[in-house]
Amino acid sequence: MPIKWILHWQPNPGATVNTQILSEVSQCAESFNGVKEGRWKSSLSIYKAMVRDQMAGNEFPRDFVGISLAEQPNSYFLVIRGQRLVVEAESSIQTIMEKLQSYKTRVALCFEGNQYRLGDFLLRVGKVVPMHSESLRGIVMEMEYLPISSWEKSHEIMAELLDLWQEALSKRSLPGHFVHIGPNFAEYGLTDQYSLQHTAVQYATIGSSHLVSSGNTLQESFVIASFRRISAMNSRSTPDTYRERNSRAALFDGIEEGGIRASSSYSHEIAEQENENALAGLQDRVILLKRFSGDIHEEVESHNRMLDRMGNDMDASRGVLSGTIDRFKMVFETKSNRRMLVLVASFVVIFLVIYFLTR
């Protein structure tokens, strides 16, 4: 399978991702004489265990990432980052997990866009949006080199293409750049020969880093907005409103002191939150076990009813079959008697004819 690098757009501090940047990136691919070959779509979901059981924590993962790739839509890849494990399953596993209700979807992202061919390279540029939504969350790009399937041997040529790509984007003065995070595939038991499991691990890494970068962007936006509000309030203050300014300063001091107090009581809040989560998990587990026992009871009763119906049907079939066999016996016996009578009569007639002829 051809080698593939998956990159995501990293905006500059204070900048956000918008459709204009996505359009500029797509135009850059076309400026490389890229031939558009159609569209592609993949998806990523982060699952979290609904039942939190510390005893079963070592046996079942608390969370994992599920990836559906455009190259093989009938398969679904599960990446368990805690145990460094990647598994390929059928796409129906998603329906099974929904029915079992053992895991719930915490985050669901969709990657979709256009595919371009540049000689021996394939570029796929797409947007990152939440499932069933058009709110742009990021930009992703796949760089695929068709002649090589070795991860180690492809580094030099893929890095050269990435440098050319970054240089072309820099001429457009875009507020950000593409970043490639190369996972350690050996930790997942993967060889140097590239496969779809390598792609799934890269998408899982991008999904996790995307969530982290999104959280950092939100924090930066909150801090910038807070400083802007403080500056606006200070600019509106005058010497005639000295008392109001003092009250505002006291208010900000109170906020800072509250933040310090929150930090000192952080461990206590964490302990309370863990206790609440443990109680909620125990309650969910009891409800789940009760539901399983009820389903098992209904299934057993259904099987008993089915066996009873099968027994009645077998008795009825046995009676019908016995009657049919008796009728066949009567028919065969009747035909045998007639044949014997005809045979005896024939012998008598032949004997009489021979007797009169020999006299």
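Can we say I157 is without any contact (Cβ under 8 Å) to a residue 40 or more places away in the chain, in contact with a strand residue (DSSP E or B) (Cβ under 7 Å, 6 or more places away or on another chain), closer than 17 Å to P2 by Cβ and surrounded by fewer than 20 Cβ atoms within 10 Å (Cβ to Cβ)? Spelling it out, I157 is indeed without any contact (Cβ under 8 Å) to a residue 40 or more places away in the chain, in contact with a strand residue (DSSP E or B) (Cβ under 7 Å, 6 or more places away or on another chain), closer than 17 Å to P2 by Cβ and surrounded by fewer than 20 Cβ atoms within 10 Å (Cβ to Cβ).
Okay, residues lined up against (1) within 30 Å of R291 (Cα to Cα); (2) among the charged types (D, E, K, R):
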residue	(1), (2)
M50	yes, no
F64	yes, no
Q83	yes, no
L122	no, no
K127	no, yes
R137	no, yes
W151	no, no
E156	no, yes
L161	no, no
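What's the number of the only condition in (1) modelled with pLDDT under 85; (2) closer than 23 Å to A204 by Cβ; (3) among the charged types (D, E, K, R) that D53 fails to meet? Unmet condition: (2).
The values are calculated or read from the model by the stated rules, or taken from the named source; none is laboratory data. Since we're looking at a predicted model, the values are computed, not measured. A quick note on method: Cβ atoms are made from the backbone with ideal geometry, for glycine too, and the neighbour counts reach across all protein chains shown.
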